[in-house]
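The values are calculated or read from the model by the stated rules, or taken from the named source; none is laboratory data. What you see is a predicted model, and the numbers here were worked out from it, not measured in a lab. All Cβ positions, even for glycine, are placed from backbone atoms using ideal geometry, and neighbour counts span all protein chains on display. Please note that ligands, DNA and RNA were not included when accessible areas were found on the heavy atoms of the full protein model with its side chains. Shrake-Rupley method; radii C 1.70, N 1.55, O 1.52, S 1.80 Å.
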Amino acid sequence: MKLRQLRYFQGAVENGSFRRAAKALGVRESTVSRAIRDLEDELGASLFHRQAGGVSLTVAGERFVQRARIVFQQIGDGAQAVSEVGRCENGFIRVGIHSSLASGFLAELLRKFGRDHSGIWIDLIDGSPSEHVATIRRLQLDVAFLAGTRAWVDCEAEVLWSEKVFVAFPQNHALKGKAEIDWCDIEGEQFIASEMVPGSEVSDCLVQRLAVRGRRPDVRLCKLDRHNLLSLVGLGRGLTLTSQATTVSTIPGVIYRPIDGEILSFSAVWSPRNDNPALRRLLSMARQMSAAAS
């Protein structure tokens, strides 16, 4: 049984004749007649009484038309659902994050997208860059917003925004009176970083910046998330680095100071094979916001 046969059957029911159904559907009368005859042969029962003035349903036809209407309703509902996804009126998008949502570009982007496309469910997933990129390649993640400007194999990447890098330290620290911090100010300090996201980037940044000064930074890793790591800073257990977006978070006993001239760029990473319409809308909005900020 073919959908075309059902369309011709429905047309004959609505128009009361094969000739008028053919005209409405833009095909020959013989095409409609043959398709319905083939359908009747497959079903093993006549669906129409053929008369000189047109056609009328048999008992079998009355039974069948009820089911046919359900089929067309389901097809219509399915087409409507697909159309809504294409227009971003419905659907979902899976977003990998690697930075704070407390404030800043990413927070504003997601807020604006959620407001303009309220029917799109945004699924936020925290994780490391390598984890995010692996799931992007498998099309299990639509896009990830990652620190840095690295190029990833089989992925597209685009730098969208930058943030200042801040030092978080206890409020009674000797450097609290400085408006900006220089690397030489903190080269002898003890640092803490999380073994979770994004602790490795904090450690790598410290090693890169302080190694050129001939110092190996003292970095201790903790199994804590970003928020609890900052709480540990407030308890005097060490200093840590964080991005500008995090600094709006008020953590008891913690103050933030920017590192002079230290900027961290953030990029969107996605697969060129991903055809999720919501992804295209999100990237377009992100580009517009990035251009406006520039």
Taking the stretch 223-281, the whole-percent share of alpha-carbon pairs separated by over 19 angstrom is 50 percent
Dimensionless Rg/Rh of the stretch 114-168, both radii on Cα and Rh by Kirkwood, sits at 1.02
Quick calc, the chain, dipole around Cα centre from Cβ unit charges on Lys, Arg (+) and Asp, Glu (-), nearest 20 debye, gives 1120 debye
Within the under-13-Å Cβ sphere about Leu139, not counting Leu139, Lys/Arg +1 and Asp/Glu -1 give a net charge of +1
Env charge @ Val254, Cβ radius under 14 Å, K,R +1 / D,E -1, value +4
Of the residues Leu206, Val27, Gly261, the Cα lying farthest along the dipole of the chain towards its positive end, which is defined by charges on the beta carbon of Lys, Arg, Asp and Glu, belongs to Val27
Here the membrane-span-like helices of the chain, with no claim about any membrane, defined by DSSP H, Cα axial extent at least 27 Å and mean Kyte-Doolittle at least -1.0, are 59-86
Taking only protein heavy atoms and a 1.4 Å probe, the highest-to-lowest accessible-area order of Arg216, Arg4 is Arg216, Arg4
The alpha-carbon center of the stretch 264-289 and that of the stretch 4-76 are separated, in whole Å, by 47 Å
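What does the charge add up to near Leu106, with Lys and Arg as +1, Asp and Glu as -1, over the other residues with Cβ less than 13 Å from its Cβ?
Charge balance near Leu106 sits at -1.
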The chain accessible area per residue, 1.4 Å probe, protein heavy atoms, integer Å², reads 53 Å²
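Report Rg(Cα)/(2.2 N^0.38 Å) for the chain, keeping two decimals.
Details: Rg = 31.4 Å, N = 294, 2.2 N^0.38 = 19.1 Å.
Dividing the Cα Rg of the chain by 2.2 N^0.38 Å gives 1.64.
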